[in-house]
Amino acid sequence: MTTRHPPKPAVPASRSVAMTRFGLHGATQDHRRVPEEVAVALVHDGSTTAVMMATPADIEDLALGFSLTEGIVAEASEIEGLEVVETGIGIEARMWLAKPRATALAARRRYLAGPTGCGLCGVDSLGEAMRPIPAVPDGLRISPAEIHAALAALPAAQALGAATRAVHAAAWWGRGGGFAGVREDVGRHNALDKLVGALAAAGQDRTDGAVFLTSRVSVEMIQKAAVIGAQVLVAVSAPTALAIRTAEQARMTLVGVARRDGFEVFTRPDRVC
């Protein structure tokens, strides 16, 4: 995959803003760092596939990860070119696909022309929203101590989160210990797609570790994690009922309400040993 990088981004990932803080001793003038949010268009072969509001950082990772988790490509090598272009109203990630994938995407667009969007990111029909989910591989085992160690280490890895307290994070905890990748964004789906893209670009084995999320777990997060073969997903919040059913279908271990004092395993507890 050939990546063409633009000049230094005009839009920073965060900025300092003035505010008035009210406390027990009255009001004071101060500043706070807040995350930036811009419109990002993901463009495949000249046609826009999706537009989302995102943090203007790691856009290449977002473009690649979204293309993988939404089934537009199966491997990073099927994207022959990627260019990030800033416009006056947002950012475009322009991708060019290898011919077999380009042909398949064109056919998909013809099939989907006309239906009303159902509201899920990158999805144009109810059939796409509830598409069959692949079963993840097996063989990974993770201990409660490893889960607690990852949870304890995650805050220090969230640079933008520490500065703003207003973004989600998705992280990859390798079996050998430590984070192989952490990505942050105002959108939880974007953070996960950025992580997937970063792992794919680095050639990281996406089945030999666990995904950690600082957000809630809805069905889309399970779908995206299953596409890359993640056997274990750990989130600080509780999952939805549909997310649990989908994780069961994918044979994925779903861990929720993960805090320092414990966590809850909703599916495939045999991987936590």
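The values are calculated or read from the model by the stated rules, or taken from the named source; none is laboratory data. Note that the structure is predicted; figures quoted are calculated from it, not measured. No Cβ is skipped: glycine too gets one built from the backbone with ideal geometry, and neighbour counts run over all protein chains shown.
Scan region 39-68 for residues that are more than 21 Å from residue 104 (Cβ to Cβ) and part of a loop (DSSP other than H, G, I, E, B) and the total you get is 4.
Annotation note: of 135, 200, 169, the sole residue that is farther than 21 Å from residue 257 by Cα and within 16 Å of the chain's Cα centre (by Cα) is 200.
Scanning region 253-268 for residues that are under 20 Å from residue 209 (Cβ atoms) and assigned to a loop (DSSP other than H, G, I, E, B) yields one hit, 268.
Taking region 6-57 as the range and being out of contact with any Lys or Arg (no Cβ under 8 Å at 6 or more places or on another chain), modelled with pLDDT of 90 or more and of a type in the set (Lys, Arg) as the test, the residues that pass are 21, 32. Being modelled with pLDDT under 80 and among the small types (Gly, Ala, Ser) is true of residue 114.
Residue 85 fulfils the conditions (1) of a type in the set (Val, Ile, Thr); (2) in contact with a Pro (Cβ under 8 Å, 6 or more places away or on another chain); (3) crowded, with 20+ Cβ neighbours inside 10 Å except for a single criterion, (3).
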